[in-house]
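Since every read-out is calculated from the coordinates, none of them should be taken as a lab result. Nothing here was measured: the structure is a model prediction, and the numbers come from that model. Virtual Cβ from ideal backbone geometry, glycine too; neighbours counted across all protein chains shown.
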Amino acid sequence: MYKHFPHCTAAVLACVLALNPAAAQTQKPRQIISIDRIVAVIDDEVITRLDLAERIKIAQRQLQQQGTSPPPEAVLERQILDRMISDRVQLQHAKVTGLRIDDTELERAIGRIAQENRLSLADLRTAIEKGGVPFASFREDIRNEIVMARLREREVDNKIVVTDGEIDNFIKTQQAQEGKGDEFNLSHILVVVPENASPEQIQQRLSRAEQALAQLKGGADFRQVAAAFSEAPDALQGGLLGWRESARLPEIYIDALKPMRIGDLSPVLRSANGFHILKLNDQRGATSPVIVQQTRARHILIKTNELVSENDARARLLALKERLENKADFAELARVHSEDGSAVKGGELGWLSPGDTVPEFERAMDALKPGDISAPVRSPFGWHVIQVMERRNEDMSKERQRLAARQVLRERKSDEAYHEWVRQLRDRSFIDIRLEEK
């Protein structure tokens, strides 16, 4: 709405003077204080100084809670603005392509956040507002996060293909590597190199990475340097990657880590995304095989929509549960009534390991004994009744190994594809940064 008014505070002042011209002539000149101004234009939307300042305050509080000294204000300002621009181009794309999150779904998500933090909705609201964030802003931030997650799933994740040949090669490579079960606790700094960067741009980016490494070697705190220099999403968390299995790390990381000891820094590493610096915080070797309890379960799912309310779906499942308790055949009812892909198999989900299902489903399933049928359970997919058929303790099978390999490969491909997709979105957008304007 401000696209044609790059100096909106001046326009507002002009309107005031037009309404009271005598005041302009009789009063002494006063210092003009800028209330707000535009710092970036993204297509037909803007980011204002007040928008940016609010985000910076949140980031500063986050750094303070982590015990990390914030980077210089100008550096933090640039990083936060860059993140806001990336978010904005994604949200614009979602809007143009019809991706929406309605209020009902938003309220369910906020309810889950409250439940996970063991708070009532009123207590969650109080905690948010005590932290200095208006609850309305919190709600919209959650809505935007859900939109961007759905957008990434639709535009990137659902297009990732991992072939059986890639899985075979991955497993062979892991088996051939020494220390294949090692895990590393890492922190990192990423200096991004734009696509089709000129040699001069690449040299500038390299110089930035070398400057960060020089500060680290001079004894600077890694978290502070990461907050100041890194352009990775976790920069404001001090660049902490946490524990990562070697299987989940890029080859350039693995090669760099081989000679490193705990506390060491890597040299500047070059990848397709840019320049990296690693710090090895800790390391541990392969552990004994993990025995997990698996559950064989089946369910009936009723989805909610414009025609089926929450109460309708729950009532239908209560009626089905009563029939099941009166010895009706679960598989037959699932085939007729369930709105899940498992319906053709009588609702059977096979053997499930911890983490295979959403938390709400898993908690309800874990509370059941073999043969028990749950009360209606709400999940992001709809309403379920669940029956546990049997349980077993199982070591990682070959099938499980392949599933883990597929997940690792998907994550690698997805991260690379997502960063490239966001970069392309930004390239197609009109972006005018006015941060330096006064």
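A few points about this structure:
- The angle separating the long axis of helix 121-130 from the principal Cα axis of greatest extent in the chain is about 30 degrees.
- Calculated log10 I(q)/I(0) by the Debye sum over Cα atoms at q = 0.08 Å⁻¹ (choose from (i) -0.43; (ii) -0.65; (iii) -0.48), label: (ii)
- For the pair Q65 and E310, a Förster radius of 35 Å applied to the C-beta separation gives a FRET efficiency near 0.45, rounded to the nearest 0.05.
- Between the range 352-380 and the range 31-95, the Cα center-to-center distance that results, in Å: 41
- Multiplying the residue separation of I202 and D221 by 0.36 nm and removing their Cα-Cα distance gives an extension gain of 4.3 nm.
- Rounded to the nearest 20 debye, dipole of the chain from Cβ charges on Lys, Arg, Asp, Glu: 500
- Basic side chains Lys and Arg get +1 at the Cβ, acidic Asp and Glu get -1 at the Cβ, and with that the dipole of the range 190-349 about its Cα centre reaches some 440 debye.
- Peptides ranked, highest mean first, by Cβ atoms within 10 Å: ranges 131-142, 368-379: 368-379, 131-142
- Fewest-first ordering of I110, I146 by other beta carbons within 10 Å of each residue's beta carbon gives I146, I110.
- Its relative contact order, with pairs defined as Cα atoms under 8 Å and 6+ residues apart, puts the chain at 17 percent.
- For D103, D123, the sequence from fewest to most other C-beta atoms within 10 Å is D103, D123.
- Cα shape, the range 232-347, gyration tensor, a/c 1.5 rule: prolate
- Exceeding the 28 Å Cα-Cα cut-off - candidates K159/K279; K57/K159; K159/K303: K159/K279; K57/K159
- Here K345 is the anchor, and the aspartates and glutamates within straight C-alpha reach of less than 12 Å, apart from those fewer than 8 places off in the same chain, are E332.
- Between 0 and 90 degrees, the angle of helix 310-325 with respect to the longest Cα principal axis of the chain falls at about 20 degrees.
- Helix 164-176 axis versus longest C-alpha principal axis of the chain: approximately 90°, rounded to the nearest ten.
- Annotation: the residues M365, M389, sorted from fewest to most other C-beta atoms within 10 Å of their own C-beta, follow the order M389, M365.
- Candidate aspartates and glutamates for bridging to K172, where Cα separation is under 13 Å - those fewer than 8 sequence places away on the same chain excluded: D164
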